[in-house]
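K.L.:
Quick one: this structure, given as structure tokens, is what I'll be asking you about.
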Amino acid sequence: MNKVMLIGYVGVDPQVRYLDEGTCVAQLRLGTTEKGYTLQNGTQVPERTEWHNLVFWRKTAEIVEKYVRKGDKLYVEGKIQSRDWTDKRGISRRSIDIIVDSMEMLSPRRNETTESDTKPAASPTPPVLGPESNGGEYPF
């Protein structure tokens with residue numbers, strides 16, 4: 001079984017692209033942190049943050065484009081997928097990505113203000129998205 005569940009913080013604003021046929025694809029980096037601790041013998045084990053490349057497709061990608069920003073806390077479920085490519089300098093590269101099937105936003109809603117209104121207006125709540133068929137390769 002290839003299943004991943006992560007809770008973490010978005011490291012950069014999402015990078016969003018639309019393919020020729022109008023399919024939306026979004027990519028971002030999610031940081032997950034394991035807290036530091038002390039072993040019984042007194043050895044300090046430091047906090048460790050792992051960064052994950054997340055790829056979202058179609059409706060989920062459109063929600064990410066509209067609502068997700070750097071610093072937001074997300075819960076995602078998906079699968080691990082590796083990809084190999086050759087960069088512009090001819091060097092072979094490999095990346096490990098999480099292809100997201102479902103997502104839930106865990107950060108509180110952001111308030112937005114307009115120049116003509118001094119009262120904050122609540123942003124609409126994005127839906128919790130379930131599994132969807134991602135299929136195919138992605139352009140990142």
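K.L.:
Ignoring ligands, DNA and RNA, what percent of the accessible area of segment 1-88 is carbon or sulfur (1.4 Å)? Before the final figure, lay out the partial values.
P.N.:
Values: 2710 of 5690 Å².
Here it works out to 48 percent.
K.L.:
What order, most packed first, do the peptides 93-100, 17-24, 60-67, 2-9 have when packing is the mean number of other Cβ atoms within 10 Å of each residue?
P.N.:
Highest-to-lowest ranking by the protection proxy: 60-67, 93-100, 2-9, 17-24.
K.L.:
Here is a further query. Sum up the charges of everything whose Cβ sits under 15 Å from the Cβ of D87, counting Lys and Arg as +1 and Asp and Glu as -1, but leave D87 out.
P.N.:
So the environment of D87 carries a net charge of +4.
K.L.:
A further question follows. So which lysines can K79 reach, going by Cα to Cα under 24 Å and dropping same-chain residues fewer than 8 places off?
P.N.:
Leaving aside lysines fewer than 8 places away in the same chain, those within reach of K79 are K3, K59, K66, K70.
K.L.:
Collect residues whose amide H, placed 1.01 Å from N in the peptide plane, falls under 5 Å from the amide H of D13; neighbours closer than 5 in sequence don't count.
P.N.:
K70
K.L.:
If you don't mind, another one. Once you have the Cα-Cα distance between K70 and D13, take 0.36 nm times their residue separation minus that, and quote the gain in nm to one decimal.
P.N.:
20.0 nm
K.L.:
If you don't mind, there's one more thing I want to ask. Per-residue HN-Hα couplings for segment 31-43, Karplus 6.51 cos²θ - 1.76 cosθ + 1.60 at θ = phi - 60°, whole Hz, x for Gly and Pro?
P.N.:
Working through the residues one at a time gives x, 10, 10, 9, 5, x, 7, 10, 6, 4, 7, x, 5 Hz.
K.L.:
Calculate the spin-label point distance for R48 paired with S92, positioning each point 7 Å from the Cα along the beta-carbon direction, and give it in nanometres.
P.N.:
2.8 nm
K.L.:
On a full-extension model of 0.36 nm per residue, what is the gain between V4 and S107, subtracting their alpha-carbon distance, rounded to one decimal in nm?
P.N.:
Extra length available between V4 and S107 comes to 35.1 nm.
The values are calculated or read from the model by the stated rules, or taken from the named source; none is laboratory data. Here the structure is a predicted model, which is why all the values come from computation and not from measurement. Backbone-built Cβ (ideal geometry, glycine too); neighbour counts: all protein chains shown. Note: areas computed on protein heavy atoms with side chains; ligands, DNA, RNA excluded. Shrake-Rupley method; radii C 1.70, N 1.55, O 1.52, S 1.80 Å.
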